[in-house]
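As structure tokens, the structure follows; a few thoughts come after it.
Read the figures in this text as sums done on the coordinates, not as results from a lab. All of these numbers come straight from a predicted model, not from anything done at the bench. Note that each Cβ is placed from the backbone with ideal geometry, even for glycine, and that neighbours are counted across all protein chains shown.
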Amino acid sequence: MLVSIIYADGEFMTFLLSGFSVAIAGGAVLAPVWNHRQELAIRDGFLVVALFWLTLGIAGSIPLLFIADLSPTDAFFEAFSGFTTTGAAVIPHIDDLPKSILYHRQQLQWLGGMGVIVLAVAILPMLGVGGTQLYKAEMSGLSQEEKLTPRIKDTARALWLIYLGLTVACAISYGLAGMTAFDAIAHAFTTVATGGFSTHDASIGHFDSPTIELIGIVFMVLGAINFSLHFLAVRHRSFRGYLKDPELKVFFAIIATSTLLIAAALSSQDIYPSALANLRYSLFQTVSIITTTGYGTAVFADWPLYAPLLLASIAFIGGCVASTAGGMKVIRLVVLFLQGVSESRRLIHPRAVIPMRFGNNAISPEVVRSVWGFYSLFVVTALILTMAMMALGLDLETAFGATVASLTLLGPGLGDVAVSFASMSDAVKWLAVFGMLVGRLEVFTLLVLFTPAFWRR
């Protein structure tokens, strides 16, 4: 609403009525249980998180229904894509939208970046519910046992303060590089959140500035790094944790290797005029894709040879655990690789006891089983979504691209969804919404709701 007043775009009443309607609906749900207090069980946490994301999607879609003149499906898709930091869009001609709706889209991704549930646990203690269960459900995976402070509320608050600090630093950097104040704040929201929404149809390519692209690269990477490392760096005032973290080393190695391979592909086809230009575009798109931000300085689906497939592949890898990025996460890829190496050695020495280690830490069999379970469900979900979209009439490239775009929280895909989902049918969009929810909640948190055992007392 404040942005609408500042820029006098005439949408103040729309946002006021939207907020009022959400408040009324929320009050109607809250009133019957206002005085009821009960600690949540872990199964309750899973259900609350999944339903909360769906509710946020509905709430965020209300202004889009009226201002952007979208259908209910398109409005929900756009809002849900924002909250899950996917960045897949259906709104055409973004440059022509009112400033308030542009800000609304960017803010959706910023709020979703670290998880609205974590935000609620940090600053809304009046919820009176079990913060630990919600935090575990939201930060599912290898990071869920990490508690940086004695109380979960303090952990969530510390992470959000770091998140806010990175956002402010990013906005200032963009402003100094030549963006307007509005664009700088708007793009800082979606850079640190690794979301990818932009205020321009041409995304970051609109600015055609190597300096702005470099700033984007830095803060996309910071958003895709384990926030535990940021916390420890701030607490101990030392960067030693970054230098020692084995997952981060692998993350940077993947970026460097992919950048060089894609630059070589671009160079072989004379796509850009110089080797430096090839490296510039290759590095930005590699970082944008592996962090699942989805910013564009070029349509990578149009690049030659293996470049689009390689970029789609690293989107499946994603960023580091406990970051704002999507994908399977680097540490899971490493665990799968180490397990493969271990099994190969066991073939040669069947009686040997071969412990698995990552850095200085031993990897327990329980972690290996968890990673294999996650990987299996992730791949099976990707295959099912791809086949379902093909059954709805999409060609293989577009179906696979839509699955990658939604399940990894990337945003841009391949084929007909390389730029936007606007031309897709409602059925395809709802499948993509399901993929976004699975990817955002990292498979287990959502799919556990579909098991009969979850609903048994």
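Could you tell me how far the Cα centroid of segment 357-373 sits from the Cα centroid of segment 381-401, in Å?
Cα centroid of segment 381-401 versus Cα centroid of segment 357-373: 32 Å apart.
Just to be sure I understand: if I project the alpha-carbon convex hull of segment 177-238 onto a plane and average over all orientations, what area do I get in nm²?
4.7
Once amide H atoms are built 1.01 Å from N in the peptide plane, which residues 5 or more positions from Gly296, or in another chain, come under 5 Å H to H?
Ile204, Gly205
Given H placed on each backbone N at 1.01 Å, which residues far from Phe358 in sequence or on other chains put an amide H within less than 5 Å of it?
Amide H neighbours of Phe358: Ile363.
Dipole size in debye (nearest 20) for segment 347-455 around its Cα centre, Lys and Arg Cβ +1, Asp and Glu Cβ -1?
Charge dipole, segment 347-455, about its Cα centre: 500 debye, nearest 20.
At 10 °C and a viscosity of 1.306 mPa s, what translational diffusion coefficient does Stokes-Einstein give for the chain, taking Rh as the Kirkwood radius over Cα pairs? Give it in µm²/s as a whole number.
Here the translational diffusion coefficient equals 70 µm²/s.
In the chain, once you exclude exposed GluC sites (Glu not before Pro) (DSSP loop, at most 11 other Cβ within 10 angstrom), what's the longest stretch remaining?
Longest run free of exposed loop sites: 146-457.
Please report the spacing between the Cα centers of segment 417-438 and segment 1-73 in Å, no decimals.
Between the Cα centres of segment 417-438 and segment 1-73 lies a distance of 22 Å.
With θ taken as phi - 60° and the coefficients 6.51, -1.76 and 1.60, list the Karplus ³J(HN,Hα) couplings across segment 24-34 in order, rounded to whole Hz; mark glycine and proline as x.
5, 4, x, x, 5, 6, 6, 3, x, 10, 4
Please compute the modelled spin-label separation between Ser238 and Asn361, points set 7 Å along Cα→Cβ, answer in nm with one decimal.
Here the answer is 1.8 nm between the modelled labels.
As a quick test, which of the pairs Lys244/Lys429; Lys153/Lys249; Lys99/Lys249 have an alpha carbon distance above 32 angstrom in this structure?
Lys244/Lys429; Lys99/Lys249
Go through segment 11-18 residue by residue and turn each phi into a ³J(HN,Hα) via Karplus (6.51, -1.76, 1.60, θ = phi - 60°); whole Hz please, and just put x for glycine and proline.
10, 4, 5, 4, 5, 5, 5, 5
What list of ³J(HN,Hα) values in whole Hz, one per residue of segment 227-240 in order, does the Karplus curve 6.51 cos²θ - 1.76 cosθ + 1.60 (θ = phi - 60°) give from phi, with Gly and Pro shown as x?
5, 5, 5, 4, 4, 5, 5, 5, 5, 9, 6, 8, 9, 4
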